[in-house]
Amino acid sequence: MNSPKDHELPDSYHALVLLIDDQAFVGDAVSRALAGQEDLDFHFCPDPFQAVELASQLKPTVILLDLVMPQMDGLTLLRCLRAHPATAQTPIVVLSAEEEAQTKSDAFAQGANDYLVKLPDVIELRARIRYHTRAHLNRLQREEAYAALRESQHELVRKNTELSLMNEELKKAFAEVRQLQGLLPICCSCKKIRDDKNYWHQIDTYLSEHTDVIFSHSLCPDCYAKVMKEWNDNN
């Protein structure tokens, strides 16, 4: 195993260790082994029935799990930890007095990441905790980056869809504008416009049907003067 040296771990890989073991002297031994290491934060849980809830609250980077406990079998607790969303991916290092191959095989089959015969050498214990912490936090960073990438891709698809819809609306608008381009047959006397079906329309009616223009009718100054002159002449 390519474990990092004790002094090589950067500050960003601060480890939070949770030991689950019913024996107080084991908790004391591990606590002393990790004491004085600024990047290793130690927590001890002697009650396996509280372990899953405590782990979900602490969110440790590494769980040290005893296999032989009178209250609950370690493999059963291992399965419970793997079934809980908060600890499903948390590295779990089994601590056991047994060295049998079958015991190790069963532990790995239930989801253990590592196996140490207790009590392990202090230097090895620190190195493995740091190794699994580094791997765990790197995985979380990759998942966060992947989630951000997927969100960015979804946002790009959404914007492209909106742009496509806008382009379609723009094409329709241009198509409507093109209907008024070119030569329009218009009467030089009454100013009516002839459509492509050979019907004649008032210019305001024709424009209203082919554009979004809305007309408000009034008299220009010249027409107003003409109307007033005709009214005065008739009265």
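The values are calculated or read from the model by the stated rules, or taken from the named source; none is laboratory data. No experiment lies behind these values; they were computed from the predicted model shown. Please note: Cβ atoms are built from the backbone with ideal geometry, for glycine as well, and neighbour counts cover all protein chains shown.
Brief remarks follow.
- Matching residues, segment 49-99, being among the aliphatic types (A, V, I, L, M) and assigned to a loop (DSSP other than H, G, I, E, B): LEU67, VAL68, MET69, MET72, ALA86, ALA88, ALA97
Every residue, every condition in (1) surrounded by fewer than 16 Cβ atoms within 10 Å (Cβ to Cβ); (2) assigned by TED's automatic domain parsing to the domain that holds LYS118; (3) touching a Pro at 6+ places or on another chain (Cβ under 8 Å); (4) within 22 Å of ALA135 (Cβ to Cβ), yes or no:
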{"residue": "LEU18", "(1), (2), (3), (4)": "no, yes, yes, yes"}
{"residue": "ASP22", "(1), (2), (3), (4)": "no, yes, yes, no"}
{"residue": "SER31", "(1), (2), (3), (4)": "yes, yes, no, no"}
{"residue": "PHE44", "(1), (2), (3), (4)": "no, yes, no, no"}
{"residue": "PHE49", "(1), (2), (3), (4)": "yes, yes, no, no"}
{"residue": "THR61", "(1), (2), (3), (4)": "no, yes, yes, yes"}
{"residue": "ASP73", "(1), (2), (3), (4)": "yes, yes, no, no"}
{"residue": "ALA83", "(1), (2), (3), (4)": "yes, yes, no, yes"}
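- Residue in segment 110-121 that is in a helix (DSSP H, G or I), farther than 18 Å from ASP73 by Cβ and not aliphatic (A, V, I, L, M) present: no
- Residue among ASP212, ASP233 that is modelled with pLDDT under 70 and among the acidic types (Asp, Glu): ASP212
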